[in-house]
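One structure is given here, and the rest of the page talks about it.
Read-outs: derived from the displayed coordinates by stated rules, not from any lab. Everything numeric in this text was worked out from a predicted model, so none of it was measured. Virtual Cβ from ideal backbone geometry, glycine too; neighbours counted across all protein chains shown.
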Amino acid sequence: MSGAALLEVRNLAMRFGGLIAVDDLSFEACRGEITAIIGPNGAGKTTVFNCLTGFCRPSGGSICLNGAGGRVQLNGLSRHRIAGEAKVARTFQNIRLFPAMTVLENLFVAQHAEITRAASLLAGLLNLSRYRAARARALDTARDWLDRVGLLDQADTPAGSLPYGAQRRLEIARAMCTRPRLLCLDEPAAGLNPRESAELNDLLNTIRENHDLGVLLIEHDMSVVMHVSHHIVVLDHGVKIAEGTPQAIRNDARVIKAYLGEDDQAEDPCGRGRAA
């Protein structure tokens, strides 16, 4: 891994009663790179995200983010502090937009905390100049991201009426409006057709190239994973079984076995057609 370590996960464990969902997991994600976490269904990928973003409190281990303000231990913070102070943003497997709000309003509301920091609630109630300025900046940011994801002409459309692929792009734009240091994307290509997956590849590469952040990606679509990832971590039943570059993972027998079992006639999930 060539970039500076942004995220450091050490010996992460997550247990639900007698079920071990994640067991002794360690890996790093770097600033300026896209790190993918892959594995079969039930491998523990989303549980890792839930631990990183405060939706679950880990049973053991540490999660540290090396941000502008120094080293922050995420597993000691509440969910809202991870998002607001550590600047970790995420999307979900199931789309969680505000469907009755317009496309623009979904991006504006994502910046509520920043507006409040710049201008107090009282300033908003009194419509003071600093509140108006903060609100104008938030609207400019929202429109800028709508333009980048090709939805500016849909700004006044209810988010719930957008086509599925457009809703996926809007979720990413909403996360980026919070100016994250670490962007966590949980299956952003789910339900997309090949053209939309290719557009997602372009969007992720553009975000990585133009913003000082790291991207952590959970994805089953190997056409996305293999095209955009710099580093891949493979889980199976909560245990890391492989880690490395896309090329190394593509040829790892443990990865092929975890996805395919012992049947070497099945389709290779890493995009080579069939397992050798």
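Listed values, structure above:
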{"read-out": "Unique match (being within 29 Å of residue 209 (Cα to Cα) and either part of a helix (DSSP H, G or I) or in contact (Cβ under 8 Å) with a residue 12 or more places away in the chain (or both)) among 29, 13, 21, 43", "value": "29"}
{"read-out": "Among residues of the range 138-152, those that are in contact (Cβ under 8 Å) with a residue 12 or more places away in the chain, assigned to a helix (DSSP H, G or I) and out of contact with any helix residue (DSSP H, G or I) (no Cβ under 6 Å at 6 or more places or on another chain), counted", "value": "4"}
{"read-out": "Residue list for the range 202-231, restricted to those being of a type outside the set (A, V, I, L, M) and part of a helix (DSSP H, G or I)", "value": "202, 205, 206, 208, 209, 210, 223, 227"}
{"read-out": "Residue match in the range 153-166 (condition: part of a loop (DSSP other than H, G, I, E, B), touching a residue at least 24 places away in the same chain (Cβ under 8 Å), closer than 22 Å to residue 36 by Cβ and among the hydrophobic types (A, V, I, L, M, F, W, C))", "value": "no"}
{"read-out": "Some residue of the range 93-104 being within 28 Å of residue 256 (Cα to Cα), in contact (Cβ under 8 Å) with a residue 24 or more places away in the chain, surrounded by fewer than 16 Cβ atoms within 10 Å (Cβ to Cβ) and within 16 Å of the chain's Cα centre (by Cα)", "value": "yes"}
